[in-house]
Every structure is written in structure tokens, then in C-alpha cells.
Amino acid sequence: MSIGRRDLLKSMAGAGMLAVAPRFTEAEEQTARVTRGMPAPRIKDISVIECEPDGVRLTVVKITTDQDGLYGYGCATFTQRADLVKPAVEKYLKPFLLGKTTDRIEDIWQSCYDSSYWKNGPVLNNALSGIDQALWDIKGRQAGMPVYQLAGGKCREAVDCYAHASGPDFEDVVANAKMYMAQGFRHVRVQVGLPGMAGYGSAEKAGQRPLALHDKPVFDREYAMRRELKLLEICRRELGDEVQLLHDMHERYTPNEAVQFCKQAEPYRMFFLEDPLSPEDLGYFRQIRQNCDTPIAMGELFNSPHEWQPLITEQLIDYIRVHLSEAGGFSPARKIAILAEFFGVRTAWHGPGDVSPVGHAANVTLDLVSYNFGIQEYTPFNERTKAIFRGCPEMKDGYFWINEKPGWGIEIDEKEAAKAPFTASRLNGGWGEVRLPDGTVIKQ
Ligand code: GCO
Ligand code: MG
């Protein structure tokens with residue numbers, strides 16, 4: 001019979017090798033009682049936990065097994081279409097999986113993936129991610145180990161992160177970046193507001209709205225490009241040479257503007273420019289590569305291998321930036337990381353507010369085990385979130401530290417989650433539109 005981490009820690013504490021005796025919750029004690037000598041657990045129930053503790057809809061799948069106290073959680077968050085993920089889990093994956101054993105994660109992933117015949121869409125991939133990550137959580141709990149151990153163990157102690165420094169005007173962004181740098185962050189993403197316009201990543205700057213032929217949120221590409229490039233110049237000057245600067249273009253420009261933007265950013269020595277193009281324009285990455293040496297990150301919108309394969313294998317990007325649950329979970333993302341390693345592409349998994357803490361723990365796990373880790377996007381967890389998701393990764397001096405408890409290390413307080421239900425909104429969490437001054441809808 002194997003010795004679990006819990007037993008090991010207990011004996012270390014007994015032998016005086018640990019300063020503080022580890023403490024375990026009843027759920028962990030129960031998990032630890034499940035040993036390898038027992039038959040493989042079977043899936044007894046699959047449920048969906050939904051909550052909105054910080055203004056964003058989060059969805060988590062819970063798989064309960066027939067073994068006492070053994071269950072797992074997986075992130076299935078697709079904020080803009082949250083109401084559709086729940087039935088995809090409950091009406092399709094649940095009947096497909098009830099009674100199956102939990103021990104064959106890859107086999108379950110492949111059979112679920114194929115069971116819809118048509119695949120690679122965000123709703124189905126998120127539902128699948130919920131299952132996949134919950135199964136990894138279960139395996140970790142069974143082994144009494146964090147998932148990073150199952151994936152080979154750490155190749156770094158903690159995970160270097162970038163913080164979001166933004167503001168309506170240049171000086172606000174610089175002040176915000178300095179605040180993060182004072183906290184220890186070595187990487188900051190900088191975004192500035194556009195007067196009267198719907199920019200991305202910062203509060204709107206009050207000011208004259210551009211003359212527009214409509215009353216919807218407006219975005220003027222040429223103006224935005226000049227202003228964001230000016231911001232990069234100011235930040236490099238005001239923040240010094242050592243800080244790493246990042247910027248998210250959020251696929252708002254035309255392909256040729258994107259090439260120009262990346263080229264003109266060269267003097268500011270970016271850590272990366274993110275999403276210069278939309279997934280519909282992937283071919284233009286070749287032009288960016290041929291024209292400049294600004295490092296490029298791409299992929300948060302990817303759902304399909306057809307999107308990440310060519311960019312990685314043709315070495316057209318520097319950072320792969322997939323949103324784990326959008327790509328179908330931890331299992332496919334791990335394969336992406338390994339593929340990318342052989343092509344010199346590093347990882348920068350998407351880590352915004354619309355990833356649940358379970359998903360963030362999955363990100364940090366991959367960051368710890370992947371040799372080709374690049375950087376992790378960081379979004380702070382508010383107190384309400386931490387009350388629901390106990391055991392979130394912890395931030396210290398710009399580094400994320402994983403919780404060392406088995407599985408993802410996270411326990412969900414479902415009673416607390418029920419106190420933060422999805423709030424009603426006209427579009428059910430969906431996004432409205434952004435238009436050019438002439439009324440043309442653009443990607444946002
Ligand atoms: C980022 C992203 C996010 C997305 C958001 C969509 O780089 O963090 O662009 O801010 O816009 O996750 O829901
Ligand atoms: Mg982005």
C-alpha cells in the first residue's frame with residue numbers, strides 16, 4: 001500500500017521534522033482514506049456549481065464517486081454563454097459518464113470529445129474541461145498528492161506572474177504599474193483608456209466621444225493605435241529598463257495595422273504583445289514575424305487544434321496563450337505545452353477574472369511542471385471568491401504559489417456559492433457590441 005502525502009507529513013511532524021503539524025479537514029481525511037488497494041472509483045453523480053462572487057459568472061463541475069468522500073472539481077467557465085454549459089454537462093456528459101470508473105482520464109476525454117461528433121466549440125469544450133479537471137482532482141486526492149506531482153513534479157518553485165496596470169490616462173497607468181512593481185511584480189501589462197471610447201482593459205477616459213453615426217460604444221482604430229503606442233513609450237521611459245512590459249491588443253485592429261503596431265513597438269522591448277490578430281486572421285502572423293522581432297502571444301480564443309498547431313509548429317508566435325477550459329481542459333493543454341516546448345514556444349495561459357480558482361490552480365499546475373513556462377497572467381481573488389473557493393493559489397512578491405493539498409488543493413463551500421448566484425442581466429452575461437465611428441461592428 002502506498003504512503004500518502006498526508007501520512008508522510010504526519011510522520012514527519014511526529015519525528016519533529018516539521019515546525020508546524022499539518023492540519024487536515026474532514027474531507028481531506030476521508031480522501032486520504034481512499035487508498036490504491038481499493039477498486040477504481042465509479043462516477044456516482046455529476047453536478048454543476050455556478051456562482052458570481054466578483055461580477056463574473058463562474059462555472060465548476062463536481063464529480064462525485066461511489067467512494068466515501070472522494071470527489072473532484074473542474075473549471076467549465078464560459079462567462080458569455082454560461083447558461084449553455086450547464087445543460088451540456090447535465091444532459092449529455094452526465095448520462096454518458098454515470099457508472100464509469102474515474103481512473104482513465106485520457107480515455108474519458110477522448111470518448112466525450114467524440115460523443116458529439118461535431119466538436120471543438122467553446123460550450124462543449126468547457127463542459128469537457130469541467131469533467132477532465134475534476135478527474136485530475138480526483139486522481140490527485142486518491143494519491144494524496146497535488147496534481148503537479150502526477151504530472152512529473154515541479155521544475156520551478158513558484159510561478160512568475162504579470163499584473164494588470166491600467167487607468168484612464170497615462171499617468172494613472174504609470175502610477176498603477178509602479179504600485180505593482182513595489183509589490184514585487186517584475187511584469188506588468190499596461191492599458192490606457194481612450195477618451196469617449198470603449199477601449200480594452202482600462203476604465204474609459206472621460207472626454208469628447210468621436211463623431212459617430214450611431215449611439216453604441218465606439219472605437220477608432222487609428223486613434224487607439226497612436227495612443228497605446230504612446231503609452232508604451234511613456235511606460236518604458238517612466239518605469240525604467242528592468243520592468244517587463246506587456247500589452248493586449250485584443251484583436252481590434254486590421255491585419256495590416258497589427259503588423260504596423262508590432263513593428264512600431266520594437267523600441268519599447270516588449271515582453272509580449274498579445275492578440276494582435278483574431279483567430280480568423282492567423283495567416284498574418286507570418287507577416288508580423290517577417291517584419292519585426294516584437295514577441296507575440298496568442299491563443300486565448302482558441303478552441304481547436306487547427307488553430308494552435310500551425311502557429312506553434314511554424315514558430316510564428318512566442319507564447320501560447322490558451323484558455324484551458326476553452327481548449328477542453330488540463331489534458332489537452334498539457335499536450336499543447338509539450339508540443340510547444342519542442343518548437344521553442346513558451347506558455348502564458350489565460351488567467352483573467354473569468355477563470356474560476358479551480359481553473360487558476362490548473363494553470364499554475366501546468367506552469368510548475370512545464371519546462372517551457374513563460375509567464376502567468378494574474379487576477380486577484382476577492383474575499384467573497386476566497387470564501388467560496390478555499391485554497392486558492394497565493395500571490396507573494398509577484399509569484400503565484402500553489403496550494404500543496406491533494407488534487408487542485410481547492411475545496412468549494414457550496415453554501416457560500418449559493419449566496420452569490422448569477423445576477424440578472426439583459427444579455428445573460430453575454431457581451432454587447434463595439435462599433436467603428438461609421439457603425440461597423442468590430443471584434444472586441
Ligand atoms: C485577457 C483577456 C480577458 C478577456 C476576457 C473575456 O487577456 O485577460 O483578454 O480580459 O477579455 O477573459 O471574457
Ligand atoms: Mg487577452
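The values are calculated or read from the model by the stated rules, or taken from the named source; none is laboratory data. Just so it is clear, the model here is predicted, and its values are computed rather than measured. When we count neighbours, we look across all protein chains shown, and the Cβ atoms used for this are built from the backbone with ideal geometry, even at glycine. With ligands, DNA and RNA removed, areas are computed over all heavy atoms of the protein, side chains included. Shrake-Rupley method; radii C 1.70, N 1.55, O 1.52, S 1.80 Å.
Note on Asp413 and Lys178: the extension gain reaches 81.0 nm, defined as 0.36 nm multiplied by sequence separation minus the Cα-Cα distance. Largest first, the residues Tyr284, Tyr200, Tyr319, Tyr180 sort by 1.4 Å accessible area into Tyr284, Tyr200, Tyr180, Tyr319.
Modelled spin-label separation between Glu106 and Glu233, with each label point placed 7 Å from Cα along the Cα-to-Cβ direction: 5.3 nm.
Summing Lys, Arg as +1 and Asp, Glu as -1, what charge do residues with Cβ under 12 Å from the Cβ of Lys443 carry, Lys443 excluded? That sum, taken over residues with Cβ under 12 Å, equals -2. Scalar couplings 3J(HN,Hα) for the stretch 170-176, obtained by applying the Karplus form with A = 6.51, B = -1.76, C = 1.60 to θ = phi - 60°, are 3, 5, 5, 5, 4, 5, 5 Hz; x denotes Gly and Pro.
Net charge dipole, the stretch 43-145: roughly 160 debye, given to the nearest 20, about the Cα centre with Cβ charges of +1 for Lys and Arg and -1 for Asp and Glu. With respect to the chain, whose longest principal axis is taken over its alpha-carbon atoms, helix 122-143 is tilted by about 40°. Look at the dipole of the chain built from charges on Cβ: of Met270, Ala420, Trp109, the Cα furthest out on the positive end belongs to Trp109.
A simple rule links phi to the HN-Hα coupling: the Karplus curve 6.51 cos²θ - 1.76 cosθ + 1.60 with θ = phi - 60°, which for the stretch 350-366 gives 5, x, x, x, 8, 10, 6, x, 5, x, 5, 5, 5, 4, 5, 4, 5 Hz, with x for Gly and Pro.
Positive-end ranking of Gly359, Ile296, Thr64 along the dipole of the chain, with charges on Cβ about the Cα centre, is headed by Thr64. Under 37 °C and 0.692 mPa s, how fast does the stretch 280-438 diffuse according to Stokes-Einstein, given a Kirkwood radius computed over C-alpha pairs? Answer in µm²/s, whole number. It comes out at roughly 188 µm²/s.
Judged by the mean number of other Cβ atoms found within 10 Å, the most tightly packed of the peptides 52-64, 163-175 leads the ranking 52-64, 163-175. The chymotrypsin sites (Phe, Trp or Tyr not before Pro) of the stretch 361-411 that DSSP puts in a loop, and whose beta carbon has at most 16 other beta carbons within 10 Å, are Tyr371. Each listed q (0.06 Å⁻¹) maps to a log10 I(q)/I(0) for the chain from the Debye sum over equal C-alpha point scatterers, namely -0.26. Given a 10 angstrom Cα cut-off, can you work out which residue in His306, His350, His187 is the most mobile in a GNM of the chain? Of the options given, His306 has the highest mean-square fluctuation. For the stretch 43-52, the Karplus equation 6.51 cos²θ - 1.76 cosθ + 1.60, evaluated at θ = phi - 60°, returns couplings of 6, 9, 8, 10, 10, 10, 9, 10, 7, 9 Hz by residue, with Gly and Pro reported as x. Between the listed residues Leu213, Pro168, Cys155, the Cα displaced farthest toward the positive end of the dipole of the stretch 144-249, a dipole computed from Cβ unit charges relative to the Cα centre, is found at Cys155.
In this structure the amide hydrogen of Tyr162, modeled in the peptide plane, comes within under 5 Å of the amide hydrogens of Gln376, Glu377, Tyr378, none closer than 5 places in sequence on its chain. Of the heavy-atom accessible surface of the stretch 150-408 (probe 1.4 angstrom), what whole percent is carbon and sulfur? That share works out to 50 percent.
Any chance you could tell me what percent of the C-alpha pair distances in the stretch 150-408 go past 29 Å? Tail of the P(r) past 29 Å holds 31 percent of the pairs. The long axis of helix 5-14 is offset from the longest Cα principal axis of the chain by roughly 70 degrees.
On full extension, the segment bounded by Asp68 and Trp118 gains 14.4 nm, given 0.36 nm per residue less the C-alpha separation.
Of all DSSP bridge pairs formed entirely within the chain, close to 50 percent run antiparallel. Electrostatic tally near Asp354: other residues with Cβ closer than 10 Å to its Cβ, Lys and Arg +1, Asp and Glu -1, net 0.
In this Cβ point-charge picture (+1 for Lys and Arg, -1 for Asp and Glu), the chain has a dipole of about 720 debye about its Cα centre.
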